[in-house]
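Peer 1: I have a structure here, written as structure tokens, and I will follow up with some questions on it.
Computed from the coordinates by the stated procedures, all read-outs in this text should not be read as laboratory data. Note that the structure is a prediction, hence the values are computed from the model and not measured. Positions of Cβ are generated from backbone atoms using ideal geometry, with glycine treated the same way; all protein chains shown enter the neighbour counts.
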Amino acid sequence: MTTQLRDGLAEILQAGQLGGLHAVAAVREGQTLLEYYGAGEDYAWGDSLGVVEFGPETLHDIRSVTKSVTALLYGIALGEGLVPPPAEPLLPLFPQYPDLAADPQRARLTVEHALTMSLGLEWREDLPYNSPANAEIAMELAPDRYRYVLERPILEPPGTRWTYCGGATALLGRLIADGTGQSLPQYAQDMLFAPLGIGSHQWMTGADAVASAASGLRLAPPDLARLGELVLTEGTWDGQRVVSTDWIRAMLQPRLQTSWGAQYGYQWYIEPIAGHRVYAGMGNGGQRLFVLPDLDLTVAVTAGNYNDPDQWRTPLTVLERVILPATG
């Protein structure tokens, strides 16, 4: 099977149908089926790293796959009783903004609305990420990122509609940091990365030195795949409980429909691909973590197609035309 996968990948690469592909790590039932490392220009957020020769230990931006990792961390902290459950009202958890909490419409916001990106607030991330008109960039530039998110104009009742919102994830990151008394990177290291044997990683911070819960994580592809394996085992690793089974199941329960038709749980996407139920973390440029429970399969893909409207093609082609024909 490994030879078939390597040959299939080589054929599609040679045909020029995997533009910008940097790396692939596919694992099934704990066994590595395929590892591929290429070369290409890469970036750390907006800073060019030049042409990078990728390898199994090369860190790569996973961009908004970070959101799915933040959801895992929220579940760990919830299991420790350090963060509020999803039904908890949101504004009382930010007591520094009594004026916002006094707004009866905003008072309806709950933690679950942040988890499902359904805050009902104005938020535009469908603009280039080098533009201050993009809400995530504006949040990074704001003197207080959390006030910036929570005081956005109200468009509709919370829970009505999924709207892509890095600000929602930033709120979750703050709740984790407040509840645990640790920075997000430190809590992740102690409670998630160390138990999984993930050594090298980086979590980028904004100008206020706060780690970006929405897009700041850099991991090597095999380590990204380990997070998918953790989801497949419903939260255990080498016999050790890392995340509660209840949280994994709640996190992956479809709750709202995205603008393109996939379902959304708690910071994870759920959609059918080639007849398989797929849980996915997705990031700008073609970063993907695919988890296919019926095949006991996890696939991590990194790529350099940042801000390209067709960036989805490369990771989907890897899954549909390389991995699944050999495993499905």
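Peer 1: So, in nm, how far is label GLU122 from label ALA15 when the simple model puts each one 7 Å beyond its Cα toward the Cβ?
Peer 2: 4.7
Peer 1: Mind listing the phi-derived Karplus ³J(HN,Hα) values for segment 284-289, rounded to whole Hz, using 6.51, -1.76 and 1.60 with θ = phi - 60°, and x for any glycine or proline?
Peer 2: 3, x, x, 7, 9, 10
Peer 1: Additional query: If you count, for each residue, the other Cβ atoms within 10 Å and average over each peptide, how do 20-29, 297-306, 226-235 line up from highest to lowest?
Peer 2: On the way: 20-29: 22.6, 297-306: 26.9, 226-235: 20.5.
Averaged packing, sorted descending, gives the order 297-306, 20-29, 226-235.
Peer 1: How long are the three semi-axes of the equivalent ellipsoid for segment 4-127, computed from the Cα gyration tensor as the root of 5 times each eigenvalue, in whole Å, largest first?
Peer 2: The equivalent ellipsoid of segment 4-127 has semi-axes of 41, 19, 14 Å.
Peer 1: Still on this structure, I have one more. When the helix-only estimate is applied to the chain (DSSP H runs of n ≥ 4, each -39,500 (n - 2.57), divided by the residue count), what is the mean residue ellipticity at 222 nm, nearest 500 deg cm²/dmol?
Peer 2: Using -39500 (n - 2.57) per qualifying helix, the result is -8000 deg cm²/dmol.
Peer 1: Next up: State, to one decimal in nm, how far the label point of GLU271 lies from the label point of THR3, with both points 7 Å from Cα in the Cβ direction.
Peer 2: Reported label-point gap for GLU271 and THR3 is 3.5 nm.
Peer 1: Taking the Cα centre as origin and putting +1 on Lys and Arg beta-carbons and -1 on Asp and Glu beta-carbons, what dipole magnitude results for segment 207-275, to the nearest 20 debye?
Peer 2: So the magnitude is around 80 debye.
Peer 1: TRP45 label point, 7 Å along Cα→Cβ, cut-off 20 Å on backbone N: hits in segment 202-226?
Peer 2: Residues 202-220 fall inside that zone.
Peer 1: Which residue, chosen from GLY8, ALA114, SER68, occupies the Cα position most advanced towards the positive end of the dipole of the chain, where the dipole is computed from +1 (Lys, Arg) and -1 (Asp, Glu) charges on Cβ about the Cα centre?
Peer 2: ALA114
Peer 1: Which order do the peptides 278-287, 212-221, 265-274 take when ranked by the mean count of other beta-carbon atoms within 10 Å per residue, highest first?
Peer 2: In descending order of packing, they fall as 212-221, 278-287, 265-274.
Peer 1: Continuing with the same structure: In degrees from 0 to 90, rounded to the nearest 10, what is the angle of the helix 2-14 Cα long axis to the longest principal axis of the chain?
Peer 2: 80
Peer 1: Can you work out ³J(HN,Hα) from phi for every residue in segment 105-114, in order, using Karplus 6.51 cos²θ - 1.76 cosθ + 1.60 and θ = phi - 60°, giving whole Hz and x for Gly and Pro?
Peer 2: Working through the residues one at a time gives 6, 5, 4, 7, 5, 10, 4, 4, 5, 6 Hz.
Peer 1: Using the beta-carbon distance between ASP246 and SER131 and R0 = 41 Å, what value does 1/(1 + (r/R0)^6) give for FRET efficiency, to the nearest 0.05? Intermediate results must be reported in sequence, preceding the final value.
Peer 2: On the way: r = 40 Å, r/R0 = 0.98.
Approximately 0.55, to the nearest 0.05.
Peer 1: Hey, another quick one. Counting other C-beta atoms within 10 Å, which of TYR187, TYR148 has the fewest, and how do the rest follow?
Peer 2: Placing the least packed residue first, the sequence is TYR148, TYR187.
Peer 1: Using alpha carbon centroids, what distance separates segment 274-325 and segment 53-125, in Å?
Peer 2: 24
Peer 1: Further, regarding this structure: Amide H to amide H under 5 Å from HIS22: which residues, 5+ apart in sequence or cross-chain, H placed 1.01 Å off N in plane?
Peer 2: Counting only residues 5 or more places away or on other chains, the set is THR302, ALA303, GLY304.
Peer 1: Nothing charged except the Cβ atoms of Lys and Arg (+1) and of Asp and Glu (-1): what's the magnitude of the dipole of the chain about its Cα centre? Round to the nearest 20 debye.
Peer 2: Roughly 500 debye, rounded to the nearest 20.
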